[in-house]
1. Here are R166, R128, R139: which of them is free of Cβ contacts under 8 Å to residues at least 12 places away in the same chain, part of a loop (DSSP other than H, G, I, E, B) and assigned by TED's automatic domain parsing to the domain that holds R187?
2. Is one or more of the residues making up segment 173-184 over 12 Å from Y131 (Cβ atoms) and among the charged types (D, E, K, R)?
3. Taking only pairs six or more apart or across chains, which ones have beta-carbon atoms under 6 Å, a first residue in segment 191-209 that is without any contact (Cβ under 8 Å) to a residue 24 or more places away in the chain, and a second residue that is surrounded by 12 or more Cβ atoms within 10 Å (Cβ to Cβ) and hydrophobic (A, V, I, L, M, F, W, C)?
4. Test A176 against the criterion of being touching a strand residue (DSSP E or B) at 6+ places or on another chain (Cβ under 8 Å), surrounded by fewer than 15 Cβ atoms within 10 Å (Cβ to Cβ) and not in a helix (DSSP H, G or I), and give yes or no.
5. List pairs: first in segment 11-34 and in contact (Cβ under 8 Å) with a residue 40 or more places away in the chain and over 19 Å from I125 (Cα atoms), second surrounded by 14 or more Cβ atoms within 10 Å (Cβ to Cβ) and of a type in the set (D, E), Cβ under 9 Å, 6+ apart or cross-chain?
6. Let me confirm something: among R70, R87, R82, R66, which residue is at pLDDT below 85 and surrounded by 13 or more Cβ atoms within 10 Å (Cβ to Cβ)?
7. Tell me which residues, restricted to segment 20-31, are under 19 Å from the mean Cα position of the chain (by Cα) and farther than 16 Å from V85 by Cα.
8. Of all the residues that make up segment 155-169, how many are buried (at least 17 other Cβ atoms within 10 Å of the Cβ) and either among the acidic types (D, E) or touching a strand residue (DSSP E or B) at 6+ places or on another chain (Cβ under 9 Å) (or both)?
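The values are calculated or read from the model by the stated rules, or taken from the named source; none is laboratory data. On a predicted model such as this, the values are computed, not experimentally measured, just so you know. Here the Cβ positions follow ideal geometry from the backbone for every residue, glycine too, while neighbour counts run over all protein chains shown.
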Amino acid sequence: MNAASIHDHLATLRESGAALRRRPVEATLAVLANVLDGWCDPESSWRRALAAELPQATGFSPEVVREGLRLGLEPWSGARLRELVDRELAGSRGRPQDDGFVTGFDTTAVVLAGAIPTPTLLALIAPRPVYVASADEDRWADPRGEFLALLHALGVYHLLGVEDARLDRMPAPGEAIVNAVGYHLRRGRHDLTAWDWDHYLDFADRHLGLSGK
């Protein structure tokens, strides 16, 4: 892995993203719903292959594996995916893509982002500036994990020549570390406060030169 190969991979990802943005929301949802329905069907080739391989890989009996798959996959049908997207993305299905509503790309990102390690997501932003924020009493997230995710992404920033991307330590509550990347640990619980916004906008001013505009 070197800087040139990372640039090549980023170019491929951007091309894929552009293709997804051009794709209608309904087409993206149809593909994702098809995949879920396939996994939910006990007779599908995917489900049968998984049920055949898991007993040896896990040590559970075939009966336990089949029942576990049924219980785990049953809530995830194509219809329920559509309900989720409509609820979480404000009823995106069927709306125009040129007036500010979500696109097929956004839909895919929301559904799949949880399966991608956060350090990978942050590394994909390199060499651009990125800011991560946590709160010391946030029990709905993992402040230290969020800090470590950014810390582990810094290797890609350095590989791409952004030597100023540094996090020497986790900030104390109420403190921010800002350079080519930024991280702060706000005092308090899960929230988005004026204190957060002040730091986000300061970071934007620093890197985008938007002060006074």
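1. Values: R166 fails: free of Cβ contacts under 8 Å to residues at least 12 places away in the same chain; R139 fails: free of Cβ contacts under 8 Å to residues at least 12 places away in the same chain.
Of R166, R128, R139, the one residue that is free of Cβ contacts under 8 Å to residues at least 12 places away in the same chain, part of a loop (DSSP other than H, G, I, E, B) and assigned by TED's automatic domain parsing to the domain that holds R187 is R128.
2. Filtering segment 173-184 for residues over 12 Å from Y131 (Cβ atoms) gives 173-175.
Going one step further and asking which of them are among the charged types (D, E, K, R), we end up with 175.
Yes: one or more hits.
3. none
4. Numbers: touching a strand residue (DSSP E or B) at 6+ places or on another chain (Cβ under 8 Å): yes; surrounded by fewer than 15 Cβ atoms within 10 Å (Cβ to Cβ): no; not in a helix (DSSP H, G or I): yes.
Judged against the criteria, A176 is not a match.
5. Sorted first by the residue in segment 11-34, then by its partner, the pairs are V25/D106.
6. On the way: R70 fails: at pLDDT below 85; R87 fails: surrounded by 13 or more Cβ atoms within 10 Å (Cβ to Cβ); R66 fails: at pLDDT below 85.
When all the criteria are applied, what remains is R82.
7. L20, R21
8. Summing the residues that are buried (at least 17 other Cβ atoms within 10 Å of the Cβ) and either among the acidic types (D, E) or touching a strand residue (DSSP E or B) at 6+ places or on another chain (Cβ under 9 Å) (or both) in segment 155-169 gives 4.
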